[in-house]
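Peer 1: Dropping the structure in here first, questions after.
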Amino acid sequence: MITAFVVFTIAAIGTYLIRISGILLLGGDRELPPRVRKMLSLVAPAAMAAIIANALFLDQGQWRGFGAWHLAALVAALVALWKRSMGWTLLAGVVAFAALLLAGL
């Protein structure tokens, strides 16, 4: 029987090897082509958008009804457009979501 510790250890080693492989393969004096650099700069925002869309529209595989999640996301989006700051955006979304939950939505 495999314990959780063994699974986590194997996962940690695998993650480390994947991360270091990029450094070993692309390290040194190599310059990445501009197109590749541009694509790599878009990976994090794309991953964040996928996580947010999943949480916003799905609840355990079922479509989420309109409610506090959507209103808080709208508040966060408006603050993001206004402030252009990740910190303010996250703070506004969390505060809006907590306030809406406390209000019973």
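Peer 1: Can we say Ser85 is at pLDDT below 90 and among the hydroxyl-bearing types (Ser, Thr, Tyr)?
Peer 2: Judged against the criteria, Ser85 is not a match.
Peer 1: Quick one: would you say Leu17 is at pLDDT below 90, more than 30 Å from Ala77 (Cα to Cα) and either surrounded by 10 or more Cβ atoms within 10 Å (Cβ to Cβ) or among the small types (Gly, Ala, Ser) (or both)?
Peer 2: Criteria not met by Leu17.
Peer 1: Moving on to the next point. Of all residues in segment 14-66, count the ones that are assigned to a loop (DSSP other than H, G, I, E, B) and hydroxyl-bearing (Ser, Thr, Tyr).
Peer 2: Number satisfying all stated conditions: 0.
Peer 1: Let me ask something additional. What residue, among those in segment 50-72 that are at pLDDT 90 or above and among the small types (Gly, Ala, Ser), is surrounded by the most Cβ atoms within 10 Å (Cβ to Cβ)?
Peer 2: Ala72
Peer 1: When you go through Trp82, Trp69 one by one, which is the residue that is hydrophobic (A, V, I, L, M, F, W, C), touching a strand residue (DSSP E or B) at 6+ places or on another chain (Cβ under 9 Å) and under 26 Å from Ala103 (Cα atoms)? Walk me through it before giving the result.
Peer 2: On the way: Trp82 fails: touching a strand residue (DSSP E or B) at 6+ places or on another chain (Cβ under 9 Å).
The conditions single out Trp69.
Peer 1: While we're on this one: If I filter segment 1-50 down to residues being under 30 Å from Leu90 (Cβ atoms) and of a type in the set (S, T, N, Q), which single residue comes out as nearest to the chain's Cα centre (by Cα)?
Peer 2: The selected residue is Ser41.
The values are calculated or read from the model by the stated rules, or taken from the named source; none is laboratory data. Computed from a prediction, not measured in an experiment: that's the story for all the values here. With ideal geometry, Cβ positions are generated from the backbone for all residues, glycine too; neighbour counts draw on all protein chains shown.
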